[in-house]
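Laboratory data are not the source of any read-out in this text; all were calculated from the coordinates shown. Fair warning: this is a prediction, and the values are worked out from it, not measured in the lab. Note that we place each Cβ from the backbone using ideal geometry, even for glycine, and neighbour counts take in every protein chain shown.
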Amino acid sequence: MSTTTETPGSETEAQLVDLAAYRDPETLTRIAEAAREAARTSPAGLADLTTGTVHLGKADAPAGAPAEEEAGVLEILDERDGWTLRTLIPASLTDPGAWRQRRAEWTNAAQFHALRSPVYLWRAVQVSALGARVGGRDAWSYLGATEYGEIADKVRRTKAGPEHIADLRADRRKEAKARRREPITVYGLTGCTTYTAALLALGQTWGWVMAAPSLLPVFGVLYALGRRELIRRQPDGTFALMDTPDFTGAGVLTDEGLNAALRARNVGILKDGEEVTIRGFIAREPADRASVVRFDLPRSAGKTAKEVGAKREALAAALAVDAIQLSIRQDGHEGGVYMRVADSHPFGGDAVRSPLETAESWDIWDGAPTFVDETGSITAIELLFFGLLVGAMPRQGKTFTARAAAAAAVLDAHCRVIVADGKGGKDWSATALIAEAYVRGVTEPAVRRLARVLEDLVAEMEEGYDALFELPDEVCPEGKLTPEITRDYKIYPVLLIIDELQRYLEDENKENEDDKLTYGKRIEKALITLAKVGPAVGLIPLLASQKPTGDAVPSALRDAIPQRIAHLCATYQMSDSVLGTGSSASGWNAKDLAPAFKGMGIHADETGLRFMRSLLIKLPAFRAICERGRALRIEAGTLAGEAAGQAGRAARVGGVLADLIAVFEERKNPDRLATAEILDGLAELDPSTWAPAALAVGEEDQAAYVRTGGTALRKALDEALANSDRTLTVRSWTSGGRANGYYLADLRKAAGIA
């Protein structure tokens with residue numbers, strides 16, 4: 001059988017010939033055997049045996065072939081599908097992790113014995129001393145035939161005649177003399193004398209230090225005699241010169257150590273006689289940082305992985321390691337457990353710097369590098385559709401964690417950023433370079449402004465859902481934002497950063513003297529709505545609070561954010577408020593974190609809980625990141641809001657300024673407009689706020705409408721410009737006998753538009 005490939009010009013290009021079709025079964029069998037034999041002796045060895053590839057000799061090469069083509073290649077397929085030599089070798093002999101585990105055990109055993117070598121030496125000396133004493137006694141007894149003396153004593157106690165005792169003494173002298181003349185005795189004494197003379201000569205010639213190793217044979221003989229005597233004295237006991245290596249506290253997990261720890265009294269997972277079933281074998285990680293094991297609990301124990309995790313601290317005590325070194329989670333079924341025992345504290349040493357410090361740009365859809373886990377790996381968390389809540393005591397790394405996560409959005413030119421810093425310091429000041437709205441502090445104007453921005457974000461969220469609703473199902477199959485929608489329809493994700501959230505929610509100032517909601521309640525209501533409904537349209541809440549308990553941050557808001565990080569907390573209730581109710585009872589309590597390691601915490605998401613330490617981004621590096629983010633947005637044309645000196649939805653100085661400018665644009669941008677015209681335009685944009693009925697005046701009373709609406713407009717402008725460095729210079733003109741209206745140039749200047 002053959003296949004010929006031809007070029008368009010009918011020129012033969014190549015011909016494939018199936019040689020197996022022209023061979024009889026016996027020949028194919030011989031070729032297969034020859035192939036396997038050649039593979040076993042080939043340089044590639046096991047690899048060639050796996051593939052079944054045989055390099056043919058020169059005799060089979062075509063005549064005149066170049067040197068590099070003299071050897072052909074013939075593929076021989078084994079009739080046993082998937083069979084290789086590796087199938088005959090146990091996985092424990094080929095797995096690198098298993099060999100790393102053995103090396104760790106051998107290393108630990110060597111260190112263990114090396115530390116206890118003085119104890120072993122003292123034991124050996126004691127046993128050898130016993131051997132010398134016993135050996136001397138036995139030698140004297142043999143050469144002196146002392147057993148005859150014992151017999152003579154027995155005869156004397158029977159009051160036998162003196163002639164019997166004399167005969168025994170004569171027999172003793174005769175036997176002793178015969179024993180001393182035996183060849184073995186002569187050879188033994190001659191050897192000892194020669195050995196002693198040689199040892200003395202060596203000591204005199206080379207020094208006694210050099211002669212010391214020559215005593216090892218004598219030491220070995222005496223040790224053997226002493227050990228035999230110990231066994232004779234205690235036939236039911238055991239004697240061992242060296243102790244069994246103890247891996248407790250060394251981070252090297254063994255089968256015996258694991259079962260013993262699970263049987264410990266304060267753990268109580270296993271009963272006496274019960275053992276776990278290890279899946280595969282205990283292995284070591286490539287960097288030799290920890291031992292990893294997967295095992296199944298015995299069915300008779302009736303225990304689950306969650307119960308093992310709840311005993312994490314007790315298990316750590318049984319293994320003589322810090323609780324932070326022990327990671328436990330469910331693996332497969334309820335009784336399957338994954339356990340990792342680190343050799344040392346996984347977060348010791350200096351904090352790891354974020355890779356975003358040097359990144360030119362980032363895509364928020366790729367996650368946000370935020371922390372390193374217990375294995376030392378940098379973890380990029382999913383901010384989109386999940387958000388992040390960070391809670392901890394003061395000065396425990398909340399801001400560093402939030403900053404590490406926010407850096408990913410800063411370096412994404414297609415991610416909008418809005419920032420509210422309740423602390424009012426410099427931690428987030430650099431974000432003013434890219435933020436569409438930046439609120440600093442908790443002064444009354446700042447709180448009013450944040451409430452307005454969040455309420456505008458809620459309106460934008462609704463508009464975003466309307467935009468997604470209009471898209472075809474094949475473009476928006478899940479009804480939520482995608483990278484393609486962001487690229488093609490300019491619907492951008494929004495990262496909402498609020499640091500020291502509790503300070504905004506604690507605000508009790510009323511916006512006026514009626515019974516409307518306080519600004520703190522307005523902020524809370526808007527945040528709950530955004531956190532619950534906003535993720536699908538790309539709203540990312542990134543909230544940090546040093547008081548995340550229910551009296552400061554409502555549970556409705558916390559429960560809407562599935563991803564949390566807890567650093568050191570004051571109480572277990574505070575830890576549970578961040579990580580979720582019952583997390584402390586399951587062995588995950590941020591109250592017990594070591595305060596010496598700043599930035600260490602517990603990360604919780606839909607996959608479970610794990611220890612972590614925040615990536616480090618200091619203020620100068622974060623400012624450089626924000627500068628790169630600004631340059632990226634300018635290049636992409638996405639710099640907007642305050643950072644661009646503009647007034648725009650939710651990311652503006654005040655929404656009313658944008659509405660006023662929009663009214664001017666509808667009327668072809670005249671130099672000025674009267675208040676009555678402005679109110680008519682505002683009523684068209686937002687009738688619920690600016691229509692006569694909304695201002696509690698009649699439509700027929702134009703003077704009252706202008707007077708009431710003008711006052712409300714002035715107040716709204718004052719609120720919009722509060723806590724900013726912009727002002728609105730009011731100029732008037734005479735029209736109909738009274739001053740009335742605003743100039744477009746003044747409004748644009750107040751809005752920061754050139």
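A few comments on the model shown:
- Inter-site label distance for THR29 and ASP701 at 7 Å from Cα along Cβ, in nm: 11.4
- Close amide-amide hydrogen proximity is noted between VAL439 and VAL419, ALA420, ASP421, each under 5 Å apart and 5 or more residues distant or on a separate chain (H modeled in the peptide plane; Pro and chain starts excluded).
- Were the residues from ALA260 through VAL221 laid out at 0.36 nm apart, the gain over their Cα-Cα distance would be 10.2 nm.
- FRET efficiency for the pair TRP206 and LEU93, taken as 1/(1 + (r/R0)^6) with r the Cβ-Cβ distance and R0 = 60 Å, rounds to 0.80.
- The label point for ALA198 and the one for ARG157, both projected 7 Å from the Cα toward the Cβ, are 4.7 nm apart.
- About its Cα centre, the stretch 381-635 has a charge dipole of approximately 1400 debye under the convention of +1 per Lys or Arg Cβ and -1 per Asp or Glu Cβ, with nothing else charged.
- For the pair LYS532 and THR375 in one chain, pulling the backbone fully straight at 0.36 nm per residue adds 53.2 nm over the alpha carbon distance.
- Distance (nanometres) between label positions extended 7 Å along Cα→Cβ at ALA585 and GLU313: 1.6
- Between the stretch 114-174 and the stretch 265-293, the alpha-carbon centres lie 53 Å apart.
- If R0 is taken as 35 Å, the Cβ-Cβ distance between TYR572 and ASP350 corresponds to a FRET efficiency of 0.75.
- Amide H contacts of ARG329: TYR338, each under 5 Å away and 5 or more positions distant or on a separate chain (H built 1.01 Å from N in the peptide plane; Pro and chain starts excluded).
- Anisotropy class of the stretch 381-635 from Cα gyration tensor, a/c 1.5 cut: rounded
- Separation of the stretch 588-630 from the stretch 355-420 is 8 Å, based on Cα centroids.
- Neighbourhood charge, 12 Å Cβ-Cβ cut-off, centred on GLU684 and excluding it, Lys, Arg +1 and Asp, Glu -1: -4
- Förster radius 30 Å - calculated FRET efficiency between ALA556 and GLU478 (Cβ-Cβ, nearest 0.05): 0.75
- 3J(HN,Hα) from dihedral phi, the stretch 176-187, Karplus parametrisation 6.51/-1.76/1.60, rounded to Hz, x for glycine, proline: 5, 5, 5, 5, 5, 9, 5, x, 5, 5, 5, 5
- The trypsin sites (Lys or Arg not before Pro) of the stretch 257-345 meeting both criteria, a DSSP state outside H, G, I, E and B (loop) and at most 13 other C-beta atoms within 10 angstrom of the site's C-beta, are ARG265, LYS271.
- Around ALA310: net Lys/Arg minus Asp/Glu count, Cβ-Cβ under 13 Å: +3
- Positive-end extreme of charge dipole, the stretch 540-639 - chosen from PHE622, MET574, HIS603 (charges on Cβ): PHE622
- Between GLU334 and LYS174, the contour length at 0.36 nm per residue exceeds the alpha carbon distance by 49.4 nm.
- Using the Karplus relation 6.51 cos²θ - 1.76 cosθ + 1.60 with θ = phi - 60°, the per-residue 3J(HN,Hα) values for the stretch 113-128 come to 5, 5, 5, 9, 4, x, 5, 4, 5, 5, 4, 4, 5, 5, 5, 5 Hz, with x marking Gly and Pro.
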